[in-house]
Amino acid sequence: MVTFGTATAAPGERDTGRLEVGETRDGSAFGLPVAVVNGVDDGRTLYIQAASDGDELNGVGVIQRTLPKLDPMELSGTILVCGVVNYHAFQVAEHRNPIDDTKMNRAYPGDKTGTSSERIAAATFDAAISADYVLDLHQGSTSRMIDEVRVRCGTRHRLHDECLELAKVFGCGYILDQKGPDGQLARAAPDEGVPTIDPELGGCVGWDEASIQRGVDGVFNVLNYYGFLDGHHDTRPQTRASGFEQYGSPVGGLLDLKPDLGDRVSRGETLFEVTDVFGEPKAEITADSSGVFWRVRRLPQVATGEYVCSVGTNVDTY
Ligand SMILES: [Zn+2]
């Protein structure tokens, strides 16, 4: 039997349940929605989670579309799923947990007696480090972004090669291979010996079907490559960036963006112009380095210093 929260499945079975992590403000117990798919044959364990950031719904879409296609009678090993990690943020469609105003992906490995986010992180971290591989499904929040996979442990980490392999197998086309901030699951779980990646499935308000489909394909690539399923997956070369440059606006006004997402940009090339409300040009911002146009704000209006876009730099093919 495999148990995750209240979900329990014998070999060849599946179950869903709740992973209880405390009570809401009215004293009701609440739990994260979890699932277990226990393969009829022995094998490894994959842990997948979504909505660690409460407004990042594409990962929930991936889980919704993946789970009905998984037959435990055709599976070797076990899949553990937490469909919504940031319970409180998800309820109110926000990025951060409103109970403690914390970003969940800065709270790992968590603390069982800590803040709301730390307790949720600790509960899901237990599942993550019980697995052989972890997929922490994210997206570029509500900004527009390419579909990519992040390797966050850093190039000097002992698990870097395994994490990078997992990213290549997932196969979105782009990899950001750059050490992430403290508290990310994709940094904390490799410290415990578990290869972990952070697929970033586009960026949108609500659901983006193309990004969700890339995520579903990525999960099945992983299942086939690592022997959970009988299928076959050949990895393809991925475009890898190991640097990430962010651009803000030097003035207030309206944006005129030049490249499209995924375009190659050269050093000195214009990334965006800012015009005033009456259409007069105010500023033109050029790329400091060459790279790939990676992420961009959704709304055209900006204040001085406000985030506009990001370019993935130090690009190679891996
Ligand atoms: Zn996220």
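The values are calculated or read from the model by the stated rules, or taken from the named source; none is laboratory data. All values derive from a computational prediction rather than experimental measurement. Ideal geometry is used to build each Cβ from the backbone, glycine not excepted, and the neighbour counts take in all protein chains shown. Ligands, DNA and RNA are excluded from the accessible area calculation, which covers all protein heavy atoms including side chains. Shrake-Rupley method; radii C 1.70, N 1.55, O 1.52, S 1.80 Å.
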- Of the trypsin sites (Lys or Arg not before Pro) in region 88-143, those whose Cβ has at most 16 other Cβ within 10 Å and which sit in DSSP loop: Lys112
- Note on the structure: When the chain is treated as a Gaussian network with springs between alpha carbons less than 10 Å apart, the largest mean-square fluctuation among Gly268, Gly206, Gly61 is found at Gly268
- Query: Given a 1.4 Å probe, how much area per residue of the chain is accessible, in Å²?
  - Reply: 42
- Query: For Pro195, what charge total do you get from the other residues with a beta carbon under 10 Å from its beta carbon, if Lys and Arg give +1 and Asp and Glu give -1?
  - Reply: -4
- Carbon-plus-sulfur fraction of the accessible area of the chain, 1.4 Å probe, in percent? 44
- Task: Report, in deg cm²/dmol and to the nearest 500, the calculated mean residue ellipticity at 222 nm for the chain, where each DSSP H run with n ≥ 4 adds -39500 (n - 2.57) and the sum is divided by the residue count.
- Result: -6000 deg cm²/dmol
- Query: Relative to the compact globular guide of 2.2 N^0.38 Å, what is the alpha carbon radius of gyration of the chain, as a ratio?
  - Reply: 1.03
